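Structure first, commentary second.
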Amino acid sequence: MAQGKIIESKDIREAVRVTADVCVIGSGAGGAVMAKELAERGAAVVVLEEGGAYFRESFTGVIKDSMAQLYRNLGVDATAGVPSVIVPTGKCLGGTTVINMGTCFRVLESVLEEWQDQELQGYRAEDLAPYYDRVEKIIQVQEVKPEIMGRNGEIIAEGARRLGLHPKPIRRNVSDACKGCGNCSYGCLEDAKQAMTLNYIPLALQAGATFYCDTRAEVIVHDEHCISGVAAKIYDRQTGAFRQHAEIAADVVVLAAGALNSPALLLKNHLANRSGQVGRNLKLHLCTRVAGIFEEAIDGHHGVSQCLYIDDYLDQGIMLEATFTGPSSQLAGLPGFGKELWDLAHEFRHMASIGVMVSDTSSGRVRADGHGNPILTYTVNQEDADVIKKATMISARILFAAGAKKVIFTGYGEPVLNSVGEVELMQDRKLRAADFMLMAFHPMGTCRMGAHRKNSVVDANLESHDFRNLFIADASVFPTSLGVNPQETIMAFATKCADYIAGHVL
Ligand SMILES: Cc1cc2nc3c(=O)[nH]c(=O)nc-3n(C[C@H](O)[C@H](O)[C@H](O)COP(=O)(O)OP(=O)(O)OC[C@H]3O[C@@H](n4cnc5c(N)ncnc54)[C@H](O)[C@@H]3O)c2cc1C
């Protein structure tokens with residue numbers, strides 16, 4: 001079998017016209033897995049990726065370089081709504097897996113049970129286990145080792161245990177080369193974090209797949225019921241100027257452009273929306289940060305960025321993850337301006353922080369602007385605001401139990417707590433969603449899967465209800481919030497979908 005290729009804008013001299021068995025749009029957690037699994041079964045696979053191809057040699061460890069190379073719109077996409085929620089995503093070969101923290105979870109059984117009520121066949125834990133096993137082997141999922149955990153994780157574990165909670169090391173997709181340098185979300189400097197560029201993409205290339213980078217899918221070519229290919233535009237990586245057209249004739253099209261861009265592309269193409277559900281049901285996993293200031297130097301930036309989790313409150317939609325990033329992003333996630341923020345910056349080395357993640361019951365929507373770019377609307381309901389407040393209070397108690405002298409949360413108004421007593425006083429304070437600074441790293445649900453075409457976009461095989469041979473294999477297919485970090489589940493679902501396509505469609 002001939003080795004595949006990565007073709008970049010600089011390699012393109014003329015318009016591209018190719019025929020493939022499968023055209024995959026997007027090379028992230030869903031797209032890369034589809035490419036490898038189908039290419040290894042003998043399919044001619046072409047992948048279109050809007051972002052550039054970047055590898056360790058081009059990672060500088062400087063946040064502004066990483067934001068420019070690897071993030072979509074410098075990582076500042078946000079929802080319209082009160083409050084506005086920042087939703088960063090990746091735009092590069094390997095998609096958001098290149099900039100994620102590496103945290104891996106399997107979907108919760110309670111979530112799968114909820115999906116059973118929606119008559120989804122093939123999604124019990126035992127049905128999915130072989131796919132997760134396959135993924136975990138390839139991306140090298142392992143627990144954070146004590147020697148690279150870092151003091152941030154250790155001190156939060158101490159506080160949690162003092163309160164009778166059960167902190168556990170996170171499982172991550174990393175090789176043994178991980179030194180815990182804390183740079184996960186800016187491109188791994190050691191090639192330790194197993195982004196798609198280090199496993200599924202090389203394996204897909206080995207099996208003959210071709211990746212066109214700097215190439216944005218624009219049109220999904222179709223007749224009334226069937227898909228026949230994709231038309232794309234190739235842009236110059238440096239200048240952003242249009243360079244060439246690309247046309248890929250394909251028997252099967254797999255949309256894996258992520259939960260924001262997959263629905264936007266469908267909407268732009270007036271496709272697959274007879275249910276009216278494309279772009280609806282946007283779930284985010286609302287996140288905020290709670291930081292404790294300690295006498296001792298914690299140096300939280302030394303050690304695995306996201307290293308420890310506390311799932312004691314998962315049944316209430318709360319996941320706590322000890323998370324610490326480099327100074328500029330860590331401080332940007334905290335409240336205060338001018339002198340206040342300057343003073344906080346001086347306490348940076350003495351800071352420990354917990355990332356709060358809430359399984360949202362609120363719901364938003366993705367629409368497409370005239371160019372097919374996603375526009376996000378999302379209103380955080382009071383139920384979720386109450387859960388965010390509760391999670392903030394639990395985190396503050398953990399930090400005080402660990403010995404923090406004060407705790408800062410992202411609430412506007414009075415975000416500094418000086419004692420556990422002040423945490424308890426929060427109980428009676430009504431906090432609205434707009435009182436918090438919120439971010440979200442897991443957009444999902446915008447092309448949801450379901451047994452019935454009237455309220456879902458794809459069926460249990462991830463095939464569009466409306467168009468034969470159009471599959472969606474990314475975060476957009478989840479019927480509800482997952483409650484845990486989603487990358488591994490996206491990969492497992494894509495593996496399952498590839499098995500179906502190889503066995504029943506090609
Ligand atoms: C900072 C950060 C940290 C995170 N940490 C974790 C973590 O620790 N664990 C975890 O489970 N999850 C984490 N996530 C989320 C996780 O990485 C994503 O949920 C997952 O990668 C989504 O997979 P996907 O296939 O849906 O989309 P992506 O991985 O985002 O891939 C989509 C790709 O499609 C491309 N694309 C979009 N439109 C087009 C088009 N029109 N034409 C061609 N290409 C297109 C994009 O450029 C992108 O490369 C994190 C996210 C962020 C932002």
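The values are calculated or read from the model by the stated rules, or taken from the named source; none is laboratory data. Keep in mind the model is a prediction, meaning the values are calculated, not measured. Every residue, glycine among them, receives a Cβ derived from its backbone with ideal geometry; neighbour counts consider all protein chains shown.
Below is a table of values for the structure above.
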item: Residue identified as acidic (Asp, Glu) and in contact with a Cys (Cβ under 8 Å, 6 or more places away or on another chain) among Glu14, Glu37, Glu57, Glu49; result: Glu49
item: Of all residues making up the range 361-392, the number that are surrounded by fewer than 20 Cβ atoms within 10 Å (Cβ to Cβ), assigned to a helix (DSSP H, G or I) and not basic (Lys, Arg); result: 3
item: Unmet criterion (only one of (1) buried (at least 22 other Cβ atoms within 10 Å of the Cβ); (2) away from the ligand (no atom under 16 Å from the Cβ)) for Gln330; result: (2)
item: Answer from Val33, Val45 - the residue that is crowded, with 24+ Cβ neighbours inside 10 Å and more than 14 Å from the ligand (Cβ to nearest atom); result: Val45
item: Residues that are among the hydrophobic types (A, V, I, L, M, F, W, C) and assigned to a helix (DSSP H, G or I), drawn from the range 185-205; result: Met196, Leu198, Ile201, Leu203, Ala204, Leu205
item: Residues of the range 23-61 satisfying the condition of being β-branched (Val, Ile, Thr) and free of Cβ contacts under 8 Å to residues at least 24 places away in the same chain; result: Thr60
item: Residues being in contact with a strand residue (DSSP E or B) (Cβ under 6 Å, 6 or more places away or on another chain) and either under 14 Å from His302 (Cα atoms) or among the hydrophobic types (A, V, I, L, M, F, W, C) (or both) - total across the range 178-205; result: 2
item: Residue within the range 449-467 that is part of a strand (DSSP E or B), away from the ligand (no atom under 16 Å from the Cβ) and either within 20 Å of His222 (Cα to Cα) or not assigned by TED's automatic domain parsing to the domain that holds Ala494 (or both) present; result: yes
item: Matching entry among Phe471, Phe441 (being surrounded by 19 or more Cβ atoms within 10 Å (Cβ to Cβ) and near the ligand (Cβ under 10 Å from one of its atoms)); result: Phe441
item: Unmet criterion (only one of (1) assigned to a loop (DSSP other than H, G, I, E, B); (2) in contact with a strand residue (DSSP E or B) (Cβ under 9 Å, 6 or more places away or on another chain); (3) under 26 Å from Asp77 (Cα atoms)) for Leu431; result: (2)
item: Residue list for the range 336-373, filter: over 20 Å from Gly276 (Cα atoms) and hydrophobic (A, V, I, L, M, F, W, C); result: Phe337, Leu341, Trp342, Leu344, Ala345, Phe348, Met351, Ala352, Ile354, Val356, Met357, Val358
item: Residue tally, condition away from the ligand (no atom under 16 Å from the Cβ), within 25 Å of the chain's Cα centre (by Cα) and either closer than 10 Å to Ala322 by Cα or aromatic (Phe, Trp, Tyr) (or both), over the range 133-156; result: 1
item: Single residue of Val135, Val107, Val111 found to be assigned to a loop (DSSP other than H, G, I, E, B) and among the β-branched types (Val, Ile, Thr); result: Val107
item: Some residue of the range 351-360 being under 15 Å from Arg432 (Cβ atoms), part of a strand (DSSP E or B) and among the aliphatic types (A, V, I, L, M); result: yes
item: Selection from the range 206-262 of residues that are in a loop (DSSP other than H, G, I, E, B), of a type in the set (Asp, Glu) and surrounded by fewer than 23 Cβ atoms within 10 Å (Cβ to Cβ); result: Asp223, Glu224, Asp236
item: Tally, over the range 365-414, of residues that are more than 26 Å from Pro88 (Cα to Cα) and among the aromatic types (Phe, Trp, Tyr); result: 1
item: Selection status of Ala396, more than 21 Å from the chain's Cα centre (by Cα), buried (at least 21 other Cβ atoms within 10 Å of the Cβ) and more than 25 Å from Gly150 (Cβ to Cβ); result: no
item: Test: Gly403 is in a strand (DSSP E or B) and closer than 28 Å to Arg171 by Cβ; result: no
item: Set Gly94, Gly75: member being near the ligand (Cβ under 10 Å from one of its atoms), not aliphatic (A, V, I, L, M) and not assigned by TED's automatic domain parsing to the domain that holds His452; result: Gly75
